[in-house]
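What follows is a short report on a single structure.
The values are calculated or read from the model by the stated rules, or taken from the named source; none is laboratory data. Every value quoted in this text rests on a predicted model; they were computed, and no experiment measured them. All Cβ positions, even for glycine, are placed from backbone atoms using ideal geometry, and neighbour counts span all protein chains on display.
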Amino acid sequence: MSEALALKCDGVTMTFGGLVAVRDFTLNLPPGRLYGLIGPNGAGKTTVFNVITGVYRPTGGRVMVFGEDITGLRPDLVCRRGVARTFQNIRLFSGMSVLDNVLVGFHAARRDSFADVVLCLPRGRREERQRREKAMELLATVGLDRYAWYPAGSLPYGQQRRLEIAKALATRPRLLLLDEPAAGMNPSETAELMHLIMKIKESFDLTILLIEHQMRVVMGICERITVLDYGVTIAEGTPAEIQSNQAVIEAYLGGAVNARA
């Protein structure tokens, strides 16, 4: 019996009134792969992410994660099925410490009961100690352990992006969705991010679906790429195939591919 796909989007359609944001979107993502999803602003990329993670219930089609139908499940239940995401607009608790932001991510996987916590029972104390240790390990993974006690909002933009990734990893995902993780980063930060994404993919045995406008990132680390335009898939293939697809180059990439570093 073949291994279940990490993610299968089968004819997913999402409409808002008379507006079709995504039409008949299909994606088959095997476990352990790193795929890219690209297209211009308004192409429907983040809508796809919102459908996968339960923010939207699709008008049509279905979403399968590791063989389980998660179509229309609430976001918290999708998270419990092993799906985590970051956001185009960073979502952190800016007034809380860097460490506490990561600890929030562990909430989805906690095993101690309300009584364990409130009554400070041994199980609750043990679980809390283990979570803090794991949180510090995640911060070390993304290079932020030295900033554990800093307010999250005080970090530079690039480091806040890394913190959001650590927070997502705290939910113990098998499938990680990254929504424009390189947005606002300079070339040096972008290079470091590419290395980090590859590192966490291998270290945490993740499958990753990536939305990104920086072609340097997409072409540099993605194994396959799907291109959306007005909610419709217009191309799918390897980076080399996408780069040589004339329709994609003319409509979306222009000279960006040839000009990238």
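Sort through LEU92, LEU37, LEU103 and tell me the only one that's part of a loop (DSSP other than H, G, I, E, B) and crowded, with 17+ Cβ neighbours inside 10 Å.
Values: LEU37 fails: part of a loop (DSSP other than H, G, I, E, B); LEU103 fails: part of a loop (DSSP other than H, G, I, E, B).
None of the others qualify; the one that does is LEU92.
Restricting to the stretch 57-81, and then to whatever is under 16 Å from LEU5 (Cα atoms) and touching a helix residue (DSSP H, G or I) at 6+ places or on another chain (Cβ under 6 Å), can you tell me which residue is surrounded by the fewest Cβ atoms within 10 Å (Cβ to Cβ)?
ILE70
Going through the stretch 183-205 one residue at a time, which ones are closer than 16 Å to TYR35 by Cβ and either among the β-branched types (Val, Ile, Thr) or surrounded by 23 or more Cβ atoms within 10 Å (Cβ to Cβ) (or both)?
ILE197, ILE200
Considering each of ARG161, ARG146 in turn, give the residue that is touching an Asp or Glu at 6+ places or on another chain (Cβ under 9 Å), part of a helix (DSSP H, G or I) and more than 22 Å from PHE25 (Cβ to Cβ). Talk me through it step by step, then tell me what you get.
Numbers: ARG146 fails: touching an Asp or Glu at 6+ places or on another chain (Cβ under 9 Å).
Going through ARG161, ARG146 in turn, just one is touching an Asp or Glu at 6+ places or on another chain (Cβ under 9 Å), part of a helix (DSSP H, G or I) and more than 22 Å from PHE25 (Cβ to Cβ): ARG161.
Condition (residue is surrounded by 15 or more Cβ atoms within 10 Å (Cβ to Cβ), within 14 Å of the chain's Cα centre (by Cα) and modelled with pLDDT under 95) applied to the stretch 106-117: is it met by at least one residue?
no
Could you check the stretch 46-68 and list, in sequence order, the residues that are assigned to a strand (DSSP E or B) and farther than 22 Å from GLY231 by Cβ? Spell out how you get there, then give the answer.
Quick first cut of the stretch 46-68, residues assigned to a strand (DSSP E or B) only: 60-65, 68.
Residue satisfying the conditions is GLU68 alone.
Please go through the stretch 54-110 and give me each residue that is of a type in the set (A, V, I, L, M, F, W, C), more than 25 Å from GLU133 (Cβ to Cβ) and touching a Lys or Arg at 6+ places or on another chain (Cβ under 6 Å), ordered by number.
Within the stretch 54-110, MET64, VAL65, ILE70 meet the criteria.
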